[in-house]
Amino acid sequence: MIDYAQDLGLNLPFKSYDVDAMLTKRDVELTSGFGGNAEGRRAYLAYVSEGIQHSQDWDMVMKYQRKNGSLFNSPSTTAVAFSHIRDPDCLRYLCTILDKFENAAPTIYPLDIRSHLLIIDTLDSLGVARHFTNEMKMLLDQTYRCWLHGEEEIFLDTTTCAMAFRLLRIYGYDVSSELAFIILSTDQLSPFSEECFFNSLEGYLNDKTAVLELHKASQIIFPEEPILEELNSWTMNFLKQEFCNGSIYVDQPGESISTKLPFISFQVHDALTYPFNVDLDRLGHRRNIQQYSNIDNIWTLKTSYCCPNIGNKDFLELAAEDFSLCQSIQQKELKQLGRWIIDYKLDKLSFARQKLGYCYFSAATILYAPELSDARISWAKNGVLITVVDDFFDVGGSMEEFVNLIQLLEKWEVDGSTDFCSEQVEILFTAIRGSIHEIGGMALARQARDVSRHVNDIWVDVVKSMLKEAEWSRYKLVPTMVEYMKHAHVSLALGPIVLPALYLVGPKISEEMVSSPEYKNLYEGMSTCGRLLNDWRGIQRESDEGTINAMSLLLREGDRSFDDAVEEVKRAIERERKQLLRLVLLERDQGMPKCCKQLFSKMVKVLHFFYMKDDGFTNEGIVDVAESIIDDTIHLSP
């Protein structure tokens, strides 16, 4: 603009040496290179055409014209191009802006899809999305239609494309990671490819937000998606390298992060420390609420641009109030559960670990809504019972007691204390039966049928598998890997925790659903993933105890080193996790409701979190995290 003014002979209120300094700085910028990123530099030079003027290569610039007539969806770039070459499509785009905004023009137009996605992502990240279900579905439906039509507003903007892919897939829309390769013309590459990104305007400008969104998208991965595997690899390396270079300052991953750091620093730190497979809902909500007041809603492009959907104080206040409401309910529930343990004498079992805090935390962090109280109570009680029963079979009971407990559960109708071979068995059976009756009563109102027998059968399967493992241990038997996994995925005992909760989260679950292949695959996928996580992280402890697990069997059966066995188990965990995620996210006609299927993937997230560093329940740091979710009040800055 200064150049224009000088050409017109206008007298500018600037000192001549200031003007000369600015123009010299511009000329140096325009003549300097940027490594080997020639294509990215050409895009950049086209993008800043209004600063180049007469020396611009307008034929090169027009290669970036979009279907709506614009250049980069930038009114200023499009306007200067039109002033030089009088392109009618540029004029059409500019007239559209004038019709809409009259005497003003935004920095970018259109920006509707990205703005809508930011709203959805914000509501999700703050934990209040459930209050806006209908509005969010409307926006997602619109975005999905644009995705299927290959709209340039999505596919020519890396950040928007990555965010659209992630949110659409998470919300159950069928989006392919390969679509971005075929939706554009054959001489263009996907925004998801490393080569394309670093040859783009965003790559030239070292756009960390775009890389961060690509990294987050890469984690919503199904089996056989090499595009996303490659994407995850290079984006993670990029973000980590930025740490090493100091261009993003944060604490080291795993350490606490200051609430005063720039918001992009917090986001990168968060993404690297808590990837999708370990990011428990309520933990993420708490971190995001605490950081939201630091968000920068001013985008500095050619000029500053304020996006009203970012840094919205109303969203923040709603999220904080909602979090506090949920906490008050959860604190009462935790006290109620403490009394339940005493009432059923579970605290009298000297062999049993007392892990109520862990069990309730796993429920409260994923089933946090007030209306899910019954599901939380069921989840936590059965988690406590499973922990006690597991200790009973490991160290607390005899073979006679094991068989007695199984017979009692199979018989169900017990005739007084004469059926119990010990007080321990009586305490355990009474607590399990009480829990089953309670679940049956809570589920009856929702399901209009008695589900107690199904819940009891789940328990029978678990204790029978535990008995089989006890026999292996006591009689020094070594099963094959196939035989081991047949029982071990059941004996991990996620069934009594997750499966009864299906009946308590809302939708009706028919008998056909719980006998379907879909149900079986969800349960086996969750349990197998959990068992392998347990065996990988618990190999040292279980080796010391002389307990068989998947790791020890791999080392025994083949010519593998310990490190090779670890890698094999980790690959198997990833396969199971990806397959389970696909089962959960992709909708199926007449299948199990999505909110029920999500319990399986959420439990896997809990397990990944518990085993992130240490051996599950031995990770004492989880206690502090649990207290922050249930007890610590969120204080907003004035």
Got at least one residue in the range 71-93 being touching a residue at least 60 places away in the same chain (Cβ under 8 Å), surrounded by fewer than 18 Cβ atoms within 10 Å (Cβ to Cβ) and under 19 Å from D207 (Cβ atoms)?
no
Test C359 against the criterion of being within 22 Å of V460 (Cα to Cα) and within 33 Å of the chain's Cα centre (by Cα), and give yes or no.
yes
In the set V403, V455, V425, V389, the lone residue that is more than 24 Å from L502 (Cβ to Cβ), at pLDDT 95 or above and buried (at least 20 other Cβ atoms within 10 Å of the Cβ) is V425
Considering only the range 125-141, state which residues are of a type in the set (S, T, N, Q) and either over 25 Å from R287 (Cα atoms) or in contact with a Pro (Cβ under 8 Å, 6 or more places away or on another chain) (or both).
N134
S233 vs (1) on the phi > 0 side of the Ramachandran plot; (2) at pLDDT 90 or above: all pass except (1)
Those residues of the range 236-265 which are at pLDDT 65 or above, surrounded by 12 or more Cβ atoms within 10 Å (Cβ to Cβ) and of a type outside the set (S, T, N, Q), in sequence order:
M236, F238, L239, K240, E242, F243, P262, F263, I264
Checked against (1) assigned to a helix (DSSP H, G or I); (2) in contact with a Lys or Arg (Cβ under 7 Å, 6 or more places away or on another chain); (3) farther than 19 Å from S200 by Cβ, V19 satisfies every condition except (2)
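So that you can scan it fast, the table gives a plain yes or no per residue for (1) over 29 Å from N103 (Cβ atoms); (2) surrounded by 11 or more Cβ atoms within 10 Å (Cβ to Cβ):
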position	(1), (2)
V28	yes, no
Y47	no, yes
E50	no, yes
H54	no, no
D57	yes, yes
V61	no, yes
R66	no, yes
Counting only residues that are under 21 Å from the mean Cα position of the chain (by Cα) and hydroxyl-bearing (S, T, Y), the range 508-541 contains a total of 3
When you scan the range 266-273, do you find a residue that is at pLDDT below 85, outside any loop (DSSP other than H, G, I, E, B), of a type in the set (S, T, Y) and surrounded by 18 or more Cβ atoms within 10 Å (Cβ to Cβ), even just one?
no
Based on this model, can you work out whether R92 counts as assigned to a helix (DSSP H, G or I) and out of contact with any helix residue (DSSP H, G or I) (no Cβ under 6 Å at 6 or more places or on another chain)?
yes
Would the range 523-543 turn up any residue that is at pLDDT 95 or above, touching a Lys or Arg at 6+ places or on another chain (Cβ under 7 Å), assigned to a helix (DSSP H, G or I) and within 24 Å of D461 (Cα to Cα)?
yes
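Condition check ((1) surrounded by 19 or more Cβ atoms within 10 Å (Cβ to Cβ); (2) within 21 Å of T365 (Cα to Cα); (3) of a type in the set (G, A, S)) across all residues:
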site: C529; (1), (2), (3): yes, yes, no
site: G538; (1), (2), (3): yes, no, yes
site: T547; (1), (2), (3): no, no, no
site: L554; (1), (2), (3): yes, no, no
site: L585; (1), (2), (3): yes, yes, no
site: P593; (1), (2), (3): no, yes, no
site: K597; (1), (2), (3): yes, yes, no
site: H608; (1), (2), (3): yes, yes, no
site: Y611; (1), (2), (3): yes, yes, no
Output the number of the condition that I366 fails; it satisfies all remaining conditions of (1) in a helix (DSSP H, G or I); (2) crowded, with 20+ Cβ neighbours inside 10 Å; (3) of a type outside the set (D, E, K, R); (4) modelled with pLDDT of 95 or more.
(1)
Selection status of F402, within 30 Å of V623 (Cα to Cα) and part of a helix (DSSP H, G or I)
no
Can you pull out the residues in the range 201-230 that are without any contact (Cβ under 8 Å) to a residue 40 or more places away in the chain and assigned to a helix (DSSP H, G or I)?
V211, S218, P226, E229, E230
Provide a single number: the residues in the range 461-504 that are within 24 Å of K597 (Cβ to Cβ) and assigned to a helix (DSSP H, G or I).
19
Where the second residue is acidic (D, E) and surrounded by 13 or more Cβ atoms within 10 Å (Cβ to Cβ) and the first is in contact (Cβ under 8 Å) with a residue 24 or more places away in the chain and over 17 Å from S218 (Cα atoms) and lies in the range 562-579, which pairs have Cβ atoms under 8 Å and are six or more apart or on separate chains?
V569/D535
Given the conditions (1) farther than 30 Å from I295 by Cα; (2) among the β-branched types (V, I, T); (3) surrounded by 15 or more Cβ atoms within 10 Å (Cβ to Cβ), report the number of the one that I329 does not fulfil.
(1)
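The values are calculated or read from the model by the stated rules, or taken from the named source; none is laboratory data. Since this is a predicted model, take the numbers as computed values, not measurements. Every residue, glycine as well, gets a Cβ built from its backbone with ideal geometry; the counts of neighbours run over all protein chains shown.
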